[in-house]
1. Go through S313, S429 and list them by solvent-accessible area, largest first, probe radius 1.4 Å.
2. For the chain, taking Cα atoms only, what is the radius of gyration to one decimal and the Dmax to the nearest whole Å?
3. I want the local charge near V182. Using Cβ-Cβ distances under 11 Å, sum +1 for each Lys or Arg and -1 for each Asp or Glu among the other residues.
4. Residues of the stretch 117-175: accessible area per residue at 1.4 Å, in Å²?
5. Leaving ligands, DNA and RNA out of it, report the carbon-plus-sulfur percent of the accessible area of the chain at a 1.4 Å probe.
6. Counting only heavy atoms of protein chains, what accessible area per residue, in Å², does the stretch 177-268 have with a probe of 1.4 Å?
7. Quick one: length gained pulling L93 to D437 fully straight, 0.36 nm per residue minus the C-alpha distance?
8. Could you check the spin-label model distance between E194 and D11? Points 7 Å from the Cα along Cα→Cβ, value in nm.
Amino acid sequence: MGRWELERAWDLLEEGDLLEALEHAERAYRRHPKDPEARFLYGYLRFTSDGAYEGLRLMELGAKAMGGEACAELWRIYGTEFPAHLLDLARFLERRGLPLPGDTAWAEAVLEEQGLPPEVAREVERWLYQEDIPSLEGFFRKRPSPYPGYLLVRLYLARGAFLRAQGLAGELGEAWGGDWRVELARLLARFPQEGPSLAEEVRPLLARRPKDPHLAEGLALLALGVGEGRVALELDRAFDPPLRARFPHLEEPLEAEEEGRPLVPLGLFLSPGRADVSPPPFAWEAFRSWLPRLGLGELTLWGRPFLRSGLLSPEDVRQEMREGVMRLRFLEEGRPPFVPLASLGELLGASPEEREAASAAASPGELAHFRKAFPDSLLLELYALLYRPFGDWPEGRVRRLLREELPWGVREALRLRLELGRDPLAPLSPPEPPPGDLWPEEFLFTWLLLAPPEEEVEEAFLVPPGNRAVNLDRLNVYPLRVRRLEAQRPWRKEPLPEGGGLEDWARRLPLSLRTFWLVELEVDEGMGLEDLLDPETLRDLLEGLTPGARSLLARLVREGRLPLSQAEEKALAQLERRFLAFVGAGEVGLPGDLRRALFRAL
């Protein structure tokens, strides 16, 4: 059976069906975990589908046992991003007396530039690829040297941890002042505050052409930041594939430079998702240059400080985005139907360093790493709770927190989370803030969960504002929002007007619920709009309906009228989940595509 799964996976890979190939390869690997071919193929598909380093590790185990073409394919992958891994593979092949699939000169030049022994460089490469800050920082503290220090500065800057990056860059300068890699790290760390005014200090570095892609990426960012886009383009083209293919955040600034409209990379001076920081004086003008290129999701990520300060208004963006920006502005300002917001760090009076650590952490492990510097931080303790699902909250600890003096919004958010953990469908209402009190933005969706399904509230669920913690709250709350709406059925409370049809029915369905149903149809039943309009698929779908639901659908299609009889109410849920998600999303016109398809099928 395992061999059949493996052969089927190869066939699907040749056909270009990577996801299906991955499923078969995983089954083959689970049955025969030490089979070299199963390891290689499953690892290859894991790595190419989601970039998992574990896939690369399995691929290497398989390739070293298989040799030949498998090692050549591994060599190709290592040659794009893993120079230390490439040299390790070259040594293995030489020991076996096998020919090398290519040249190692580039990889040797990179390791010489890094100044790391090969066995150490491979581990650093792995941690960097996984963005494993705790492991990389642990290594740096045990065996400090300029290159790992530079990498840490870049990782912290990419997370918006500017203060931590500045502190680390200062340490590097004291230990290795004069090293160009350290100087690059120091200038990058200073940019969030000083910006393009660093141009004169940056200029001596611009003549360098690093072989290491991560050093080249940092230098390209700095060049773009001080108006030397020509240098950034030269660095980009010096690599194959170009730097922008390896570092997607370089793509738009480099394209803009080619068009003669220079942009300062946003990650150089803005912390993603945060509104509780004051941007430097040059930030607004630099950000305004980006506005013609940004979508609504990117605006929520980078534009919150300017929305909160009132600098960014709907008139600053394209016509089609103005309504979305107005909604985001109302949310930032706490206008009804929203609640006035502040970050947990602001409400608790946490230090800037604590707030930055909380926002920068990308996993519970990283948060635990950052908490070592702030062992008594209530802010970081609450952030650790956000990573836990509703039913997994330590009730005793939360009860002890509730006995402490907490701001109104923090206390209410914790209380609601406890109650919802016990009974997700409890009939609760969103608490009204006393005058002057604010709700923690990290628990925004806990509050929105209980709000009526007004249009603004529903749209907020689909374009979440804020940082990673706000999105963690949304991920926990969104399925519960759907459960509560399905139980309450607010769209059924009032009868439709005489002559109302499917369109009127669909418009009453909350947007978050329709969206969930669309995803559910796609994931669970593999059914998209094109399937719904396919006669054979539609016929199979209709056969799955109960007689009552089928009869109701036939009446709606032929007569297009509501309200419903009491007996037909019982058949309603089957139709809502299957058909109204498409209608309500505006993807099907009625009368039109769906009505004609249904009329023929019925």
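1. The ordering from most to least exposed comes out as S429, S313.
2. Cα only, the chain: 28.0, 84 Å (Rg, Dmax).
3. Overall, the nearby charge balance is -2.
4. I get 39 Å² per residue for the stretch 117-175.
5. Carbon plus sulfur share of accessible area: 50 percent.
6. 41 Å²
7. 117.2 nm
8. 6.4 nm
The values are calculated or read from the model by the stated rules, or taken from the named source; none is laboratory data. For clarity, every value in this text was computed on a predicted model and none was experimentally measured. Reconstructed Cβ throughout: ideal geometry from the backbone, glycine too, with neighbour counts over all protein chains shown. In case anyone asks, the SASA skips ligands and DNA or RNA and just uses the protein heavy atoms, side chains included. Shrake-Rupley method; radii C 1.70, N 1.55, O 1.52, S 1.80 Å.
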